[in-house]
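Please read the structure below before turning to the comments.
Nothing in this text is a laboratory measurement; each read-out follows from the coordinates by a stated rule. Fair warning: this is a prediction, and the values are worked out from it, not measured in the lab. So basically every Cβ, Gly included, is an ideal-geometry build from the backbone, and we count neighbours across all protein chains shown.
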Amino acid sequence: MMSAISQHARLAQNALRRLFASPVSGLLNIIVIGIALSLPAGMYVLLQNAQGMLAQASSSPQISLFLTMDASADDIARLRKQLAQNPAIDKAVFISRADALKNLAQSNGLTDVIAGLESNPLPDAFVVSPKTTHAKALDDLRNELQKLPRVDLAQLDSAWVYKLEAMLEFTRIMILILASLLSLALIAITFNTIRLQIMTQRDEIQVAKLIGATNSFVRRPFLYFGAMQGILGGITAWLIIALSLYLLKQPIATLSRLYGSNFTLHPLSLGDSLTLLLFSLYLGLMGAWLSVGRHLSVIEPS
């Protein structure tokens with residue numbers, strides 16, 4: 001067991017040594033991988049922060065339930081109980097006809113006009129605050145509330161919710177496309193780097209095969225090389241994102257205070273950081289595996 005661990009540790013050490021045998025070339029490859037990975041990962045972080053910022057900036061969606069003019073106190077009590085028992089509703093605030101008319105007069109300066117009315121034309125109403133902000137769920141809840149007894153109209157202004165979801169979905173797809181394209185580019189970088197390594201060590205590989213080395217034995221050091229290059233590229237990407245967020249932290253805080261908000265930028269979470277590193281490791285291994293499988297088969301001892 002210990003010998004296997006020491007063997008793998010030695011292979012990783014040798015891979016790291018070969019990676020920086022040409023320091024400038026090795027460092028440039030890692031920086032290129034880091035920059036390429038930081039682009040979609042950075043956009044993902046900004047998207048996560050944008051969702052939090054928009055949640056603060058946008059008021060929560062509300063559904064206004066306007067009751068029929070002949071709704072009695074018992075009808076209102078039953079409706080209040082139904083709304084309180086609905087699991088999709090956070091809270092429901094009752095606004096009486098008298099309060100609605102009073103608020104209208106105060107907010108619009110129509111006191112004299114309203115004083116001349118013979119009767120109150122406004123209905124009793126409930127202002128419902130749903131627990132969800134998902135546009136489809138809000139529409140379903142509005143349709144459900146519309147069918148309640150003594151509800152004349154259930155009104156929801158969901159246009160901004162649909163716009164927000166469409167914008168975020170568009171951004172997610174763009175990040176996915178960018179990540180896919182850059183992943184292919186990173187696999188190609190590792191593929192080409194390993195190809196050069198194999199061509200450089202062609203004679204050594206032929207000798208190793210001549211004395212009985214299997215393809216898996218010959219392949220192993222190159223896989224470690226690709227994995228090492230990938231994980232170092234992932235660490236570089238994480239550092240680029242962390243530095244960028246640090247530089248943006250103070251300007252964002254200043255801008256937030258000017259708009260009366262307490263919004264702050266949040267860095268990559270532990271889970272997202274591990275995902276980034278594992279993904280970069282996977283890309284390095286994938287590029288190395290494809291390259292070794294492609295070029296090792298054509299190298300046979302003569």
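For the reader, a short list of remarks on this structure follows.
- Matching entry among Ile205, Ile241, Ile231 (being over 17 Å from Ala179 (Cα atoms), in contact with a helix residue (DSSP H, G or I) (Cβ under 6 Å, 6 or more places away or on another chain), in contact (Cβ under 8 Å) with a residue 24 or more places away in the chain and assigned to a helix (DSSP H, G or I)): Ile205
- Test: Leu278 is closer than 23 Å to Ala36 by Cβ and in contact with a Lys or Arg (Cβ under 6 Å, 6 or more places away or on another chain): no
- Selection count, the range 60-93, where residues are among the basic types (Lys, Arg) and within 34 Å of the chain's Cα centre (by Cα): 1
- Candidate set: the range 177-202, residues that are without any contact (Cβ under 8 Å) to a residue 24 or more places away in the chain and assigned to a helix (DSSP H, G or I); chosen: the one farthest from the chain's Cα centre (by Cα): Thr200
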